[in-house]
Amino acid sequence: MTPSPRPLRRIDCHVHLVGDGSDGSGCLFRLPSPLKRFLARCMLSEVGLDPSVLKGGLDRAYREALLRYVEDSGLDAAVVLAQDWPYDERGEPLRERGSFFVPNDYLLEVCAASGGRFIPAVSIHPYRPDACRELERCVARGAKVLKLLPNCHNADCNAPRTRDFWKLMADTGTVFLSHTGGEYSVPVINRDYESPEILRQPLELGVTCIAAHGAGASAPLISRDHTERLVSMFREYPHLYCDNSALCTPNRAGTAKRLLRSDAVGRVLHGSDFPVPVSGLGPWARGLLPWSAVRAASRDANPLRRDAGLKRAMGFGDETFTRLDGLLRA
């Protein structure tokens with residue numbers, strides 16, 4: 001008798017790993033301005049951590065809090081992200097331009113110790129001289145996803161020099177989670193790389209791509225909105241998807257409205273962008289939520305569960321939570 005296939009897992013496809021190196025992780029976390037320090041405190045509050053961890057102990061406190069939240073979220077797993085350095089055109093790391101760094105080895109160790117709750121998304125800049133070797137090494141250790149912010153990493157994914165890297169991505173079945181749209185929490189190096197057009201070469205070579213944040217603007221007057229361009233690209237590439245991460249924020253809620261009211265909703269995956277603070281105020285102001293849903297969510301201390309509940313109330317269906325597991329199985 002053929003066993004029944006196991007149900008698809010409910011996955012948050014966009015969760016950041018953060019650390020300060022205090023536990024030997026190799027992580028780095030910079031706060032170069034009062035604004036960055038304020039944003040960091042907001043995120044620590046979302047995680048439920050005291051700001052004193054910024055002076056030491058962030059590695060352990062953060063990963064333990066994250067595991068507790070995932071276990072109590074109603075989700076089955078979360079894709080947890082590493083963060084590579086930006087690189088210049090010569091393939092040299094621009095360490096002074098990066099605001100935080102999370103090594104692949106640390107990510108893989110944390111995921112291996114999570115009891116299956118964490119799915120590793122490594123970060124490898126395609127300009128690195130060892131990019132293909134590093135991808136092979138990480139895939140052998142269980143990596144399923146690769147994460148980059150092309151505009152912040154200074155990564156032209158359409159450059160001919162990166163072709164072999166994307167071919168290897170396709171051959172290994174590694175999913176590419178790429179930031180699209182504007183950004184303000186991480187320094188932007190090249191705004192030309194925020195459009196989903198940056199994904200054309202990986203898509204042409206067969207890589208399954210997820211455009212994070214639905215290619216929306218990060219804030220008025222700071223960045224352009226590219227959601228309509230993304231929706232048009234869905235018609236060209238059946239293996240192009242997007243996530244709804246950070247769309248429970250006032251500055252990005254308009255992107256949620258555009259996705260929900262387009263035929264692109266069938267390409268959306270669930271993502272939180274944890275530890276970015278979650279609130280229903282933006283979606284409520286856009287007419288996506290009743291005030292009762294905002295109040296109910298505000299009483300939930302688990303930010304991952306709160307975000308998932310708000311997304312369901314906004315109209316993102318159950319399939320957005322299980323779609324990634326189907327892609328990973330394929």
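Laboratory data are not the source of any read-out in this text; all were calculated from the coordinates shown. In this text the structure is predicted, and so the values were computed from the model without any measurement. All Cβ positions, even for glycine, are placed from backbone atoms using ideal geometry, and neighbour counts span all protein chains on display.
Ignoring everything except DSSP H segments at least 4 long, calculate the 222 nm mean residue ellipticity for the chain; use -39,500 (n - 2.57) per segment, divide by total residues, nearest 500. Using -39500 (n - 2.57) per qualifying helix, the result is -10000 deg cm²/dmol. A dipole drawn for the chain from +1 and -1 charges on Cβ atoms has a positive end, and of PRO196, THR249, SER178 the residue lying farthest that way is THR249. Sorting the segments 196-204, 306-314 by their mean number of nearby beta carbons within 10 angstrom, highest to lowest, gives 306-314, 196-204.
Measuring r between the beta carbons of GLU204 and ASP130 and using R0 = 25 Å, the FRET efficiency lands at 0.55. Model label sites at ARG163 and LEU54, defined 7 Å from Cα along the beta-carbon direction, differ in position by 4.7 nm.
Residues whose amide H comes within less than 5 Å of that of HIS14, counting only those at least five positions distant or on another chain, are VAL79, SER272, ASP273 (H built at 1.01 Å from N in the peptide plane).
Contact order normalised by length for the chain, with contacts defined as Cα pairs under 8 Å and 6 or more residues apart; what percent is it? Normalised by residue count, the contact order of the chain is 17 percent. Hey, how many Å between the Cα centroid of region 122-161 and the Cα centroid of region 207-273? A separation of 22 Å, based on Cα centres.
Treating r as the C-beta distance of SER45 and ASP192 and R0 as 30 Å, the FRET efficiency rounds to 0.30. At R0 = 45 Å, how high is the FRET efficiency between TRP291 and GLU236 if r is their beta carbon distance? Nearest 0.05 is fine. Using R0 = 45 Å, I get an efficiency of 0.70. Between GLY282, GLY181, GLY74, the GNM of the chain built on Cα springs shorter than 10 angstrom shows GLY74 fluctuating the most. For region 11-329, the number of Lys pairs separated by eight or more positions or lying on different chains, with C-alpha atoms closer than 23 Å, is 6.
From the coordinates of this entry, Cα Rg over 2.2 N^0.38 Å is computed, and it appears in (1) 1.16; (2) 1.03; (3) 0.93 under the label (3).
Here the spin labels are modelled as points 7 Å beyond Cα on the Cα-Cβ line, and at GLU96 and LEU281 they lie 3.8 nm apart. Distant-in-sequence amide contacts of TYR87, defined by a placed amide H-H separation under 5 Å and a gap of 5 or more residues or a different chain, comprise LEU94. Taking a spot 7 Å from the Cα of SER22 along the direction of its beta carbon, which residues of region 71-102 have an amide N less than 18 Å from it? It comes to 100-102, nothing else. Each of TYR106, PRO7, ALA296 was scored by the projection of its Cα onto the charge dipole of the chain, and the greatest displacement toward the positive side belongs to ALA296; charges sit on the C-beta of Lys, Arg, Asp and Glu.
On full extension, the segment bounded by GLU89 and GLU64 gains 5.3 nm, given 0.36 nm per residue less the C-alpha separation. Once the Cα-Cα distance is subtracted from the 0.36 nm per residue extended length, the ARG299 to ARG37 segment shows a gain of 91.7 nm. With both labels modelled 7 Å from their Cα along Cα-to-Cβ, the ASP105 to ASP171 distance reads 2.6 nm.
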